[in-house]
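Read through the structure below, which is laid out as structure tokens, and then see the notes.
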Amino acid sequence: IVIFTVTICLSLVSGVNFLYVATHELGHSLGLSHSSDPNAVMYPTYSKEDSKNFKLSQDDINGIQTLYDLALEEEK
């Protein structure tokens, strides 16, 4: 079970890509930290421009594969 809290200031919601923000928070719940790659969903700051038609960066993909490929290897 994963429990996390997201606080949204309703006066600032206009123009926020909820899917982008939820993907970022889901990354944290899966164990990812912030990324230094400005193109990554896990980059610590939100930009409306960055969230348009977003996709996972290679850094995001590498991070989750590192965490879960390692876990799969340990189970073998």
(Q) What are the pairs with Cβ atoms under 7 angstrom where one residue, in the range 54-76, is at negative phi and assigned to a loop (DSSP other than H, G, I, E, B) and the other, located anywhere, is at pLDDT 65 or above and surrounded by 12 or more Cβ atoms within 10 Å (Cβ to Cβ)? Sequence gap at least six, or different chains. (A) 54/20; 54/41; 56/41; 57/37; 57/39; 57/40; 57/41
Q. Among the residues of the range 18-25, is any part of a loop (DSSP other than H, G, I, E, B) and modelled with pLDDT of 80 or more?
A. no
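The values are calculated or read from the model by the stated rules, or taken from the named source; none is laboratory data. No experiment lies behind these values; they were computed from the predicted model shown. Cβ coordinates were reconstructed from backbone atoms using ideal geometry, including for glycine residues, and neighbour counts include every protein chain displayed.
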